[in-house]
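One structure below.
Read-outs: derived from the displayed coordinates by stated rules, not from any lab. These numbers come from a predicted model, not from an experiment. Neighbour counts run over all protein chains shown; Cβ positions are idealised from the backbone, glycine included.
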Amino acid sequence: MFSSTKRPFRPLLIALTGGIASGKSAVAEIFAELGAPVLDTDQIARDVVEPGTPALAQLVAEFGSDILDTSGRLDRVRMRERVFADPAQRKKLEAITHPAIREELAARAQRAQGPYQIHVIPLLIESGRADLYDRVLLVDTSEEEQLKRLMARDGSNEALARQILAAQASREDRLDAADDVIVNTGTLQDLQRFVQTLHRNYKLLAERINAQ
């Protein structure tokens, strides 16, 4: 008599990426409203450097206590200005924070429920991790629009905003890596329609990979 064991369900893993200020957060919010687990590495990056965390202690040891604000939290604007002015310092920052972010992302992915998961990873292409995902979803917009949004959102001056854009993968490289693309040049209603279509498609894809 033969016995069979059912394979554990494997969620479809979607990497949501895009240049800074391209609209990733708006897209992620719509997915979340549709019930999809959304794991945002920007939020995880904040969580792993909260006061009392090993990563924050390492950052203070490496960069000094002047990277903290008056409440003892990481001053992200000051840290950003410092590392974007010096690639060597940016590498030191990433060597401390990236392993902590990946570990926490993996732990949260294990706990998440649903046919597919959205992992918001702004630096997906730069980190070389696109191959770890079933699909790469790119939120795309022009560099001119990114500059305008970034300066309005963060109060960055144009020189710093251009430095930040230059430190990221090119638009062409992101498009080459993408399986699905949302062109974010329309309205919020346009975004909602795009995401609703992808939501249905991703659920179907998840069913197919688990039926094999």
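Helical runs (DSSP H, four residues minimum) scored at -39500 (n - 2.57) apiece and divided by the length of the chain put the mean residue ellipticity at 222 nm at -17000 deg cm²/dmol. Note: the chain, Cα convex hull, 149 Å³ per residue.
Note on ARG193, ARG90: ascending count of other Cβ atoms within 10 Å places them as ARG193, ARG90, the fewest first.
Both radii are taken from the alpha-carbon atoms of the stretch 44-111; with Rh as the Kirkwood radius, Rg/Rh is 0.98. Here the stretch 83-202 is described by how far its Cα atoms reach on the three principal axes: 43, 36, 25 Å, from widest to narrowest. Taking every alpha-carbon pair under 8 Å whose residues sit at least 6 apart, the stretch 1-106 reaches a relative contact order of 24 percent.
For the stretch 29-101 and the stretch 143-180, what is the separation of their C-alpha centers, rounded to whole Å? Cα centres, the stretch 29-101 to the stretch 143-180: 19 Å.
Between 0 and 90 degrees, the angle of helix 24-33 with respect to the longest Cα principal axis of the chain falls at about 40 degrees.
Residues whose amide H comes within less than 5 Å of that of VAL183, counting only those at least five positions distant or on another chain, are ASP140 (H built at 1.01 Å from N in the peptide plane).
Please figure out what share of the DSSP beta bridges in the chain is antiparallel and state it in percent, rounded to the nearest 5. Restricted to the chain, the bridges split so that about 5 percent are antiparallel. Computed over the chain, relative contact order equals 37 percent, with contacts defined as Cα pairs under 8 Å that lie 6+ residues apart. Taking the C-alpha atoms only, the angle from helix 143-154 to the longest principal axis of the chain is near 70 degrees.
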